[in-house]
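Worksheet: one structure, shown below.
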Amino acid sequence: MNHAPRNLFCSSVGKKYLMAGTGAAMVLFVIGHMAGNLQMFLGPEAINRYGHFLQSNVELLWPVRLSLLAIISVHIWSAAKLTQENRAARPSAYEQWQPTAASYASRTMLMSGIIVGIFIVYHLLHYTVMVKAVNFAGTDFHSLTDPEHRHDIYRMVVIGFQQPLVSLFYIVGVGLLCLHLSHGMSAMFQSLGWKNRACGPCLDRAARWGAVVIFLGYVSIPISILLRLIQ
């Protein structure tokens, strides 16, 4: 009998592999989503055509959404179980703990993960479900259409990010997401056995700089809208 699936979910090593694998999948999604969002800089036609393609292919869109939901669920579950196991292995806290080796990102993974989760829920309600009550603009995003009778995503995003509080929350949320990613990608390399004394520092720097690039890519849109570079 093959016990591999059971070992994957029951052993600490298996849970670390689950965290690494699901984390890698989410990083790829974050990068792909950013690439799609950056089409805002190409103008209404590009972003609206892209959005129409996604919304018109439900046989593609919904499997991706459900797969992403499953990936996030497994990632959260494995993270929670590993945290529980680590605390059980060290029932008493250190009397004088000095976090010299641990980075700020690694020490705040749980906190940033919770806040990022709240941010993602709001972001989905804002731009995917398009709940009017949360956009602070008083506009029904469902009613926005372009001259080609497609959903006017360009105008929706501009109206949404013209609200300073919404843009600020988005920037903070993305910042915490990237803080989470900076450590998560580094830990992923460790879990997959790719880090050693020779290449470990390079992989850590790649994780940090990758998180910075993702942060700049995402926040460039609300900042450009607030500065009226996109309007």
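Computed from the coordinates by the stated procedures, all read-outs in this text should not be read as laboratory data. Everything numeric in this text was worked out from a predicted model, so none of it was measured. Using ideal geometry, Cβ is built from the backbone for each residue, glycine included, and neighbour counts are taken over all protein chains shown.
Structure data summary
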read-out: Convex hull volume per residue for the range 170-231, taking Cα atoms only, in Å³; value: 69 Å³
read-out: Sorted peptide list for 172-185, 32-45, criterion being average Cβ within 10 angstrom, highest first; value: 172-185, 32-45
read-out: From phi via Karplus (6.51, -1.76, 1.60), per-residue ³J(HN,Hα) for the range 57-65 in Hz, x at Gly/Pro; value: 10, 5, 5, 9, 5, 6, x, 5, 4
